[in-house]
Amino acid sequence: MMDLLSFNSLGVLILANAVLLAGASIALLRFQRMIRKNREFWDSPVGTSVQTDADADAVLAGFLERRLAMIHDRLDELSDRVDQDIGTPPPAEPLFSHAVRMAQNGASAADLIKTCALNEAEARLMCRLHGQQNVA
């Protein structure tokens, strides 16, 4: 009786394996057909134009994300710099000593206004007091 039961279970096992193998073969054939159809679509003129537009959009999106990140970093830097500048007033003496040296080296009043942030009267005064025409 034991031989008969084991022979029947062996037959069922073989039959189950055959059904699984047939199912896997059918799934593989369907998958290959789907891959072939996809390849034909992307190789066609329509698929190529769709792919190009999608690639261009992806490249543009990546560029815009990087650019936005750069702008965000720059804004953070500027914000930090403004916070530092507001917190500490600029030293007055180094600007004036720099203006004196520039005037002694022949800088014009316009140069002093741009470089040292002097007003016009201060720049003219620096040029008169320390300019090269007074050195003799």
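Readers should treat all values here as calculations from the given coordinates under stated rules, not as data from a laboratory. Bear in mind the structure is a predicted one, so any value in this text is a computation, not a measurement. Cβ sites come from the backbone with ideal geometry, for glycine too, and all protein chains shown count toward neighbours.
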Original post:
Which peptide among 99-106, 114-121 comes first, and what is the full order, when sorted by highest mean count of other Cβ atoms within 10 Å?
Top reply: 99-106, 114-121
Original post:
Can you work out ³J(HN,Hα) from phi for every residue in segment 67-84, in order, using Karplus 6.51 cos²θ - 1.76 cosθ + 1.60 and θ = phi - 60°, giving whole Hz and x for Gly and Pro?
Top reply: 5, 5, 5, 5, 5, 4, 4, 5, 5, 4, 4, 5, 5, 5, 5, 4, 4, 5
